[in-house]
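The values are calculated or read from the model by the stated rules, or taken from the named source; none is laboratory data. Everything numeric in this text was worked out from a predicted model, so none of it was measured. Please note: Cβ atoms are built from the backbone with ideal geometry, for glycine as well, and neighbour counts cover all protein chains shown.
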Amino acid sequence: MSAGLRGVGTGTEADTRGHDEDALGMSAPEQGREVHGAPDAVGVSEAALRRGMQLVVAGGSLAVAVLVPFLLPRYWTFVLLAAVTTMIVGLSIVVLTGFVGQISLCQATFMGVGAYASARLTGDAHLPFLIALPLAGLAAVPVGLLAGVPALRLKGLYLAIATLGFGAAVQATLFSSKTLTGGFSGVALERPTVFGISFASDLRYYFLTLVVLLLLMAFAANVKRGRSGRAFAAIRDGEVAAAASGISLARYKLTAFGLSAFIAGVGGSLFGHAMLSVNTSSFDIFHSITFVTVAIIAGVGSVGAAVFTGLMVNILPKALDRVLPGNLLLVIFSAGMLVQLAVAPDGIAGQMRRQQDAVLSWILRRRRVSGRD
């Protein structure tokens, strides 16, 4: 299973460059390099072209995210809102599985802790939303660290089973407690007011969650480029070699679980205020399995895969449901995911990255031909 994570989940059978680039422009700074024996000047030109392409894709994606709610019926605004909260949870999986190669089947548990914490902080403690939001993420960190303890001794399938059991235990105890979380009745939340601006409407709250998503994506991209990101990559590519080079496996694995739990907790807080109420069924283990499965198909080695996770979980089924019966939709959707894994084991984001590379190679060839002419 650990080998499978490195091969399918993180796409390490693709070229090394794949881990330092993202389909939506979240890439590490690139150095000029030679291409097909070309002079170094061409290498610099390739880096500039690649950055330009990534900026175009990122800018176009952001423009679509801003304009789409105004072009679709009001119902779709709520669907888009739910998709953005799922993207944040997908980002938490990217940090844990894509960056470090660890698997967790309790991401919905971290999400639930954030949602319940936000409900108590804004409802009972009457804290402003901007303070409650990061605190809800922090409330999920200790839970994430507990879930990460088995990672110190287990990996692959055994770690997946351990985290799955951890999530089920939290759901059966904490989430089912009438005193702490309201049990099956759950708790109610309200849309926030920030600096006197009410976000009660789906449209306004959608843009608020979109801003939080962009901030978290930038944060994750910076982590990937930094010292911790290099240590994460070393652990993902080979724990024995990483330990031999002096990297503390325990420290960085627990750090990854803590960061992942924080991001998922923030997503849970936003999800709770979007839905206006949550209960134990909102964060069961089946949601965790769905999130991880779709994130791997999306291409969990890339920060941009978080976007595809939200689209595939929330948008695509709703769109196809209007033209296909429920059972047929499930069959086609499942078959499509299997085909995607067969065609591109590193996911949709990896496939997009290769398409960008193909376009870039074509442009460079045209330049070389023009230069000789």
> What is the residue count in region 310-345 for residues that are out of contact with any Asp or Glu (no Cβ under 9 Å at 6 or more places or on another chain) and outside any helix (DSSP H, G or I)?
Replying inline: 5
> What is the residue count in region 173-227 for residues that are in contact with a Phe, Trp or Tyr (Cβ under 7 Å, 6 or more places away or on another chain), of a type in the set (A, V, I, L, M) and at pLDDT 95 or above?
Replying inline: 1
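Condition check ((1) at pLDDT below 95; (2) surrounded by fewer than 17 Cβ atoms within 10 Å (Cβ to Cβ); (3) among the hydrophobic types (A, V, I, L, M, F, W, C)) across all residues:
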| site | (1), (2), (3) |
| --- | --- |
| Glu21 | yes, no, no |
| Asp40 | yes, yes, no |
| Leu71 | yes, yes, yes |
| Trp76 | yes, no, yes |
| Gly101 | yes, no, no |
| Thr122 | yes, no, no |
| Ala125 | yes, yes, yes |
| Pro134 | no, yes, no |
> Quick one: what pairs do we get from region 100-129, first residue free of Cβ contacts under 8 Å to residues at least 60 places away in the same chain and of a type outside the set (Asp, Glu), second assigned to a loop (DSSP other than H, G, I, E, B) and surrounded by fewer than 24 Cβ atoms within 10 Å (Cβ to Cβ), C-beta under 6 Å, 6+ apart or different chains?
Replying inline: Leu121/Leu127
>> If I ask for residues that are under 18 Å from Thr290 (Cα atoms) and outside any helix (DSSP H, G or I), which ones from region 346-373 would you list?
In response: Asp346
> How do the helices (runs of 4 or more DSSP H) wholly within region 186-298 filter down when requiring 2 or more residues that are under 16 Å from Tyr116 (Cβ atoms) and touching a Ser or Thr at 6+ places or on another chain (Cβ under 7 Å): which remain?
Replying inline: 249-275
> Would you call Asp357 modelled with pLDDT under 80 and surrounded by fewer than 15 Cβ atoms within 10 Å (Cβ to Cβ)?
Replying inline: no
> How do the pairs read when you match residues in region 144-160 that are farther than 19 Å from Val89 by Cβ and modelled with pLDDT under 95 with residues anywhere that are surrounded by fewer than 23 Cβ atoms within 10 Å (Cβ to Cβ) and of a type in the set (S, T, N, Q), using Cβ under 7 Å and keeping only pairs 6 or more apart or on different chains?
Replying inline: Lys155/Ser2; Gly156/Ser2
> Are any residues in region 332-354 exposed (fewer than 12 other Cβ atoms within 10 Å of the Cβ) and either among the aliphatic types (A, V, I, L, M) or touching a Cys at 6+ places or on another chain (Cβ under 8 Å) (or both), and if so, which ones?
Replying inline: Ala335, Leu338, Val339, Ala342, Val343
> Do we find that Phe184 is within 21 Å of Phe110 (Cα to Cα) and crowded, with 20+ Cβ neighbours inside 10 Å in this structure?
Replying inline: no
